[in-house]
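Let me begin by presenting the structure, written as structure tokens, before commenting on it.
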Number of protein chains: 2
Amino acid sequence: MAKYAYQIVKPIWNRFNVAREADRDSNGGHAALVQLQAYLAQREQPGDGRLPPERELCETLGVSRGDLRKALAVLEKDGRIWRHVGKGTFIGTRPISETVAISEIAGRSNPSDVMRARLILEPEIAREAALHATFDDIAGMRQSLAQTRAATSWRQYEHLDNLLHRQIAQAARNTLLLGLFDVLNAIRRTVVWGRLRADGARPPADHHSFADHERIVAAVAERDLGGAAAAMRAHLQEVERRLIPLRQAAE
Amino acid sequence: MAKYAYQIVKPIWNRFNVAREADRDSNGGHAALVQLQAYLAQREQPGDGRLPPERELCETLGVSRGDLRKALAVLEKDGRIWRHVGKGTFIGTRPISETVAISEIAGRSNPSDVMRARLILEPEIAREAALHATFDDIAGMRQSLAQTRAATSWRQYEHLDNLLHRQIAQAARNTLLLGLFDVLNAIRRTVVWGRLRADGARPPADHHSFADHERIVAAVAERDLGGAAAAMRAHLQEVERRLIPLRQAAE
DNA sequence: CAACTTCACCATTTGTGAATTGGTTAGGCT
DNA sequence: AGCCTAACCAATTCACAAATGGTGAAGTTG
């Protein structure tokens with residue numbers, strides 16, 4: 001299966017070998033490097049910048065695998081290629097890390113950081129939601145709102161609260177903002193992990209969040225951009241205010 | 001392979017069926033729900049909170065798969081279980097994904113989404129930076145600023161521009177905001193990948209970004225919170241304005 | 001003896017195909 | 001009209017083989 005097209009480079013080992021001075025030692029590696037550079041230079045670009053496997057390439061170039069690896073190591077240090085076990089050898093710089101570890105960020109963040117980030121992101125997301133929400137979005141929010149009031153346990157309430165906030169983020173119709181919201185949310189849940197409320201089996205009927213949430217959804221439904229943002233900001237500030245005594249009690 | 005131990009619950013279908021009033025319709029779903037709740041209640045916790053597959057469980061409980069699925073849907077909506085195709089059904093809340101794939105978000109985002117998100121995040125990050133930046137932070141920004149002016153190629157300029165914006169985010173002294181900035185930045189680089197400028201070998205001396213950046217850094221240095229946010233917002237809006245003709249030219 | 005060559009082995013990744021599992025639909029039945 | 005059954009669909013998991021860079025041990029050569 002010859003996926004990758006490449007041409008054979010005639011060995012020019014001897015030419016360079018005898019021409020250089022004081023290379024009684026380690027000239028093999030240098031010759032392989034020259035061979036490899038010549039190979040790369042005359043190589044056409046197949047889009048995918050993958051080189052043949054070492055075991056093939058060393059035969060193609062007429063050098064041993066050890067020497068080829070020395071040459072490849074030089075090019076890798078220069079940033080001209082990058083390698084990975086099981087993947088192969090590729091031309092160019094190593095691609096940026098494809099994934100972000102939630103726990104890594106969460107481990108260096110505290111609840112205050114989380115609250116600050118929420119206060120920055122979520123009001124503006126609510127503003128976008130007020131601009132882009134569909135009727136179905138709003139209907140879904142109203143349904144969650146009603147279910148939130150009917151929650152019979154804090155656990156169920158927090159699940160529904162989560163759902164409502166995410167519905168708002170989804171209504172913003174911006175997958176990137178939704179992605180950032182999800183990242184922030186995952187970190188929040190990691191940071192406040194285990195911080196359960198024990199003061200009552202279910203949220204009281206006059207819990208501030210019910211009215212807060214209603215104001216937010218109402219503003220979104222009325223396409224009141226500023227009102228949605230303000231309502232969300234007020235809600236989060238109230239949540240923050242209630243969080244402080246909890247933290248003090250934990251000390 | 002019976003990985004999961006569970007006991008058979010004797011059908012109590014009839015008891016509930018005849019006891020309820022006015023349930024000539026849709027009592028099947030309710031009976032299945034009661035069966036399922038009884039099953040979950042008497043079930044011991046095997047650490048792994050996995051339930052048997054639907055096809056087994058409906059036989060065990062003596063209900064049809066359709067009714068079982070209705071009951072499972074209710075519990076899922078309550079946040080008591082979570083399900084996923086190919087994985088199974090599990091007790092508890094859906095686990096948060098430990099890693100977020102950049103390309104997954106980037107693949108569903110467009111440059112407009114990116115710009116909107118930047119306009120939301122970065123001005124507020126600049127505000128935080130104005131509040132928390134140390135002298136070393138500001139000195140580093142000024143150095144990057146000077147290097148940006150001295151860039152000899154667009155590629156080098158963009159590298160330094162990147163660095164400056166990240167220094168600002170770092171100065172906010174909020175690892176969570178910095179993490180969100182990094183995520184956003186990685187997505188931005190993926191979305192606009194390959195959108196290279198061909199109109200000149202290096203940025204012109206009167207490029208708007210130079211003055212923009214100077215205003216931002218100056219506001220941060222003077223601890224002018226609102227000024228830093230406003231300067232960053234103006235900068236990004238200018239970037240956005242310059243982006244539009246590029247997009248039109250691409251059509 | 002020092003360097004090179006060759007070979008074997010290791011850890012990671014990729015690819016493939018079968019089996020599993022939640023989600024959905026069509027047909028028949030009560 | 002609603003329920004049941006069966007079949008199918010799509011996503012996931014699992015096991016296994018092949019591919020690939022990384023490493024070291026033995027033999028070879030000058």
Count of region B:132-146 residues which are free of Cβ contacts under 8 Å to residues at least 40 places away in the same chain and surrounded by fewer than 17 Cβ atoms within 10 Å (Cβ to Cβ): 6
Condition broken by A:I120, with the remaining ones in (1) among the β-branched types (V, I, T); (2) touching a residue at least 24 places away in the same chain (Cβ under 8 Å); (3) not in a loop (DSSP other than H, G, I, E, B) satisfied: (2)
Candidate set from region B:83-97 (those that are without any contact (Cβ under 8 Å) to a residue 40 or more places away in the chain and of a type in the set (V, I, T)); member that is nearest to DNA strand D (Cβ to nearest atom): B:V85
Checking B:A129 against (1) exposed (fewer than 14 other Cβ atoms within 10 Å of the Cβ); (2) closer than 23 Å to A:E122 by Cβ, the condition it does not meet: (1)
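The rows are residues; the columns are (1) away from every other protein chain (no Cβ under 11 Å); (2) part of a helix (DSSP H, G or I); (3) not small (G, A, S).
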{"residue": "A:R116", "(1), (2), (3)": "no, yes, yes"}
{"residue": "A:E124", "(1), (2), (3)": "no, yes, yes"}
{"residue": "A:A130", "(1), (2), (3)": "yes, yes, no"}
{"residue": "A:D136", "(1), (2), (3)": "yes, yes, yes"}
{"residue": "A:M141", "(1), (2), (3)": "yes, yes, yes"}
{"residue": "A:L145", "(1), (2), (3)": "yes, yes, yes"}
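Identify, from the list A:R173, A:R166, A:R149, the residue that is more than 8 Å from chain B (Cβ to nearest Cβ), touching a His at 6+ places or on another chain (Cβ under 7 Å) and surrounded by fewer than 17 Cβ atoms within 10 Å (Cβ to Cβ). Give the derivation first.
Values: A:R166 fails: touching a His at 6+ places or on another chain (Cβ under 7 Å); A:R149 fails: touching a His at 6+ places or on another chain (Cβ under 7 Å).
From the options A:R173, A:R166, A:R149, the qualifying one is A:R173.
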Of all residues making up region B:72-112, the number that are more than 11 Å from DNA strand C (Cβ to nearest atom) and at pLDDT 95 or above: 0
Test: residue in region A:64-75 that is surrounded by fewer than 16 Cβ atoms within 10 Å (Cβ to Cβ), hydroxyl-bearing (S, T, Y) and within 15 Å of DNA strand D (Cβ to nearest atom): yes
Residues (modelled with pLDDT of 90 or more and within 13 Å of DNA strand D (Cβ to nearest atom)) located in region B:36-59: B:R50, B:P53, B:E54, B:R55, B:L57, B:C58, B:E59
Failed item, numbered, when A:L176 is tested on (1) among the hydrophobic types (A, V, I, L, M, F, W, C); (2) more than 30 Å from B:S112 (Cβ to Cβ); (3) in contact with an Asp or Glu (Cβ under 6 Å, 6 or more places away or on another chain): (2)
Hey, A:L40 within 15 Å of DNA strand C (Cβ to nearest atom), surrounded by 14 or more Cβ atoms within 10 Å (Cβ to Cβ) and either part of a helix (DSSP H, G or I) or of a type in the set (F, W, Y) (or both) or not: no
Counted residues, region A:95-114 - those being part of a loop (DSSP other than H, G, I, E, B) and touching a helix residue (DSSP H, G or I) at 6+ places or on another chain (Cβ under 9 Å): 6
Boolean, B:R233 is within 29 Å of the chain's Cα centre (by Cα), surrounded by 15 or more Cβ atoms within 10 Å (Cβ to Cβ) and under 24 Å from B:S109 (Cα atoms): yes
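A:V100: more than 12 Å from DNA strand D (Cβ to nearest atom), within 14 Å of another protein chain (Cβ to nearest Cβ), touching a Ser or Thr at 6+ places or on another chain (Cβ under 9 Å) and touching a residue at least 40 places away in the same chain (Cβ under 8 Å), yes or no?
yes
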Residue match in region B:164-181 (condition: in contact with a Gly (Cβ under 6 Å, 6 or more places away or on another chain) and part of a helix (DSSP H, G or I)): yes
Pairs where the first residue, in region B:26-49, is under 15 Å from B:R65 (Cα atoms) and the second is at pLDDT 90 or above and more than 16 Å from DNA strand D (Cβ to nearest atom), C-beta under 9 Å, 6+ apart: B:L33/B:L75; B:L36/B:L75
Within region A:51-68, tally of residues that are part of a loop (DSSP other than H, G, I, E, B) and under 17 Å from A:I91 (Cα atoms): 3
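The values are calculated or read from the model by the stated rules, or taken from the named source; none is laboratory data. Just so you know, these numbers come straight off a predicted model, no measurement behind them. Every residue, glycine as well, gets a Cβ built from its backbone with ideal geometry; the counts of neighbours run over all protein chains shown.
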